[in-house]
Amino acid sequence: MQPSAIREILKFTSDPTVISFAAGNPAPEAFPVEEVQRITNEILTSAPIDALQYSITEGYTPLRNWIKEDLAKKNMFDKNEDEVVITSGAQQAIEVVTKEICNEGDVIICEAPTFIGSLNAFRSYNAKLVGVEMEDDGINIEKLEDALKKYQRTAFIYLIPNFQNPTGKTMSLEKRKQVLALAEKYNVYILEDNPYGDLRYIGEDVPTIKSLDKTGKVLYAGSFSKVLAPGLRVGYLCAPQNVISKAVVCMQVSTVHTSILPQMICHKFVTENDFEAHLEMLREIYRKKADLMLTNLKMYMPKSIKFTEPEGGLFIWGTLPDGDMSYFCKKAVKNKVAVVPGNAFLTNENDPCLSFRLNYSTPTDEQIVEGVKILAEVAKTMYK
């Protein structure tokens, strides 16, 4: 097991003079602090023992029922086949699935690049990681099938179809259908990680792979981290009942259950507030921040450096025309702007990479403008 490269880079951001485009945190103005305070006080007044006592591993029943109803509205929950367990964020859902399904030496196929937290979870179980390159509309289908043919001990395919971390790309509906068809053909699971799906601020929603699944191949990880508060550590896994029953056993020997007070807070928040209005507020915050960063990148950065233009989520992916990406990132942080080197998101960090990740949700508007200008000055010493 290796330390997270992002966490290592974040050490530089302890310097208050460093502008961080390296994190992936929700915007400070997105937190409903007063409402969470009200709800917490009410819970601790009316039901303190329920909130502070041990509970069942499956999770707080009212919240699980709300999640099932919400997923059912989106054609993502079959009451005859599926079940839900509440996890400590989507990260635990990913880790539990790996623990349950992946034997040592089994293959996990991932998008290249992909979320470093998942890669580290996979590595902790000695899985063999196989990265499949991405195109503008998602994973390369031909190369995905090549990998499935080559690696017959594939445990599952890990995907972030919406506003992918780190690239910001969204998988097309056609590719979602093709990926699902391959999972059925080669009899492997898909682990669909969707922490950003509710944060679409441009265009129309694309159906989840889970909503297309009729054979129980898709395991779905969701989270309240990006839409309510990551510190609550409330996520969930929705999957066929046989998968969930074993996931519950796996959790019983680690966390026992996800903290109940945060689950109760989540439940009261989504049932006592206009949750859709809250999501619209978040989308507007991130639409403005993304537009501000992209506008300034286009204005100041060398034209030879290319950037993705996400339709939602929290990230932009930059790609240099040539040269040394690691040197560029190190030079940037020396000039007080932190970005994440792209090789941190690869299944093999030694593979060649010219890309880096930018986050626009965490910095203030002023920091976005100033940080991009500094980054541009660094870039102009290397590129035209």
*When you go through K330, K334, K288, K384 one by one, which is the residue that is at pLDDT 95 or above and among the basic types (K, R)?*
K288
*Among the candidates V218, V234, which residue alone is within 20 Å of Q164 (Cβ to Cβ), of a type in the set (V, I, T) and buried (at least 22 other Cβ atoms within 10 Å of the Cβ)?*
V218
*Identify all residues within segment 330-341 that are touching a residue at least 60 places away in the same chain (Cβ under 8 Å) and assigned to a helix (DSSP H, G or I); write none if there are none.*
V333
*Return the residue satisfying two criteria in turn: it lies in segment 262-286 and is of a type in the set (F, W, Y) and either surrounded by fewer than 21 Cβ atoms within 10 Å (Cβ to Cβ) or touching a strand residue (DSSP E or B) at 6+ places or on another chain (Cβ under 8 Å) (or both), and of such residues it is farthest from E83 (Cα to Cα).*
Y286
_Residues that are farther than 19 Å from Y60 by Cβ, basic (K, R) and in contact with a helix residue (DSSP H, G or I) (Cβ under 7 Å, 6 or more places away or on another chain): does segment 265-279 have at least one?_
no
*Would you be able to say whether some residue in segment 297-318 is surrounded by 21 or more Cβ atoms within 10 Å (Cβ to Cβ), assigned to a strand (DSSP E or B) and touching a helix residue (DSSP H, G or I) at 6+ places or on another chain (Cβ under 7 Å)?*
yes
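To keep it simple, each residue is scored yes or no on (1) hydrophobic (A, V, I, L, M, F, W, C); (2) more than 14 Å from D137 (Cβ to Cβ); (3) in contact with a His (Cβ under 7 Å, 6 or more places away or on another chain); (4) free of Cβ contacts under 8 Å to residues at least 40 places away in the same chain.
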{"residue": "P166", "(1), (2), (3), (4)": "no, yes, no, no"}
{"residue": "E184", "(1), (2), (3), (4)": "no, yes, no, yes"}
{"residue": "L191", "(1), (2), (3), (4)": "yes, yes, no, no"}
{"residue": "P195", "(1), (2), (3), (4)": "no, yes, no, no"}
{"residue": "D198", "(1), (2), (3), (4)": "no, yes, no, no"}
{"residue": "P207", "(1), (2), (3), (4)": "no, yes, no, no"}
{"residue": "L212", "(1), (2), (3), (4)": "yes, yes, no, yes"}
{"residue": "L219", "(1), (2), (3), (4)": "yes, yes, no, no"}
{"residue": "F224", "(1), (2), (3), (4)": "yes, yes, no, no"}
*Of all residues making up segment 231-254, the number that are in contact with a strand residue (DSSP E or B) (Cβ under 8 Å, 6 or more places away or on another chain) and of a type outside the set (G, A, S)*: 10
_Pairs where the first residue, in segment 275-290, is within 27 Å of G371 (Cα to Cα) and the second is surrounded by 16 or more Cβ atoms within 10 Å (Cβ to Cβ) and small (G, A, S), C-beta under 7 Å, 6+ apart_ = L282/A30; I285/A27; I285/A30; Y286/S361; K289/A27; K289/S361
*Restrict the check to segment 313-325 and report whether at least one residue is within 25 Å of I160 (Cβ to Cβ) and free of Cβ contacts under 8 Å to residues at least 24 places away in the same chain.*
no
*Qualifying position, being at negative phi and touching a Cys at 6+ places or on another chain (Cβ under 8 Å), among L346, L354, L314*: L346
*Among the residues of segment 338-366, write down those that are closer than 16 Å to M299 by Cβ and not acidic (D, E).*
L358, Y360
*Tell me which residues, restricted to segment 319-329, are outside any helix (DSSP H, G or I) and of a type outside the set (V, I, T).*
L320, P321, D322, G323, D324
*Counting only residues that are farther than 30 Å from D70 by Cβ, open to solvent by 20 Å² or more (accessible area, probe 1.4 Å) and in contact with a Pro (Cβ under 9 Å, 6 or more places away or on another chain), give me the strands (runs of 3 or more DSSP E) lying completely in segment 117-198 with at least 1 of them.*
128-135
*From the options K268, K246, K226, residue that is in contact with an Asp or Glu (Cβ under 9 Å, 6 or more places away or on another chain) and part of a loop (DSSP other than H, G, I, E, B)*: K226
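Among the residues of segment 254-261, is any more than 24 Å from D50 (Cα to Cα), buried (at least 24 other Cβ atoms within 10 Å of the Cβ) and not aromatic (F, W, Y)?
Among the residues of segment 254-261, not one is more than 24 Å from D50 (Cα to Cα), buried (at least 24 other Cβ atoms within 10 Å of the Cβ) and not aromatic (F, W, Y), which makes the answer no.
The values are calculated or read from the model by the stated rules, or taken from the named source; none is laboratory data. Keep in mind that what you see is a predicted model, and the values were worked out from it rather than measured. All Cβ positions, even for glycine, are placed from backbone atoms using ideal geometry, and neighbour counts span all protein chains on display. These area figures cover heavy atoms from the full protein model, side chains too; ligands, DNA and RNA do not enter into them. Shrake-Rupley method; radii C 1.70, N 1.55, O 1.52, S 1.80 Å.
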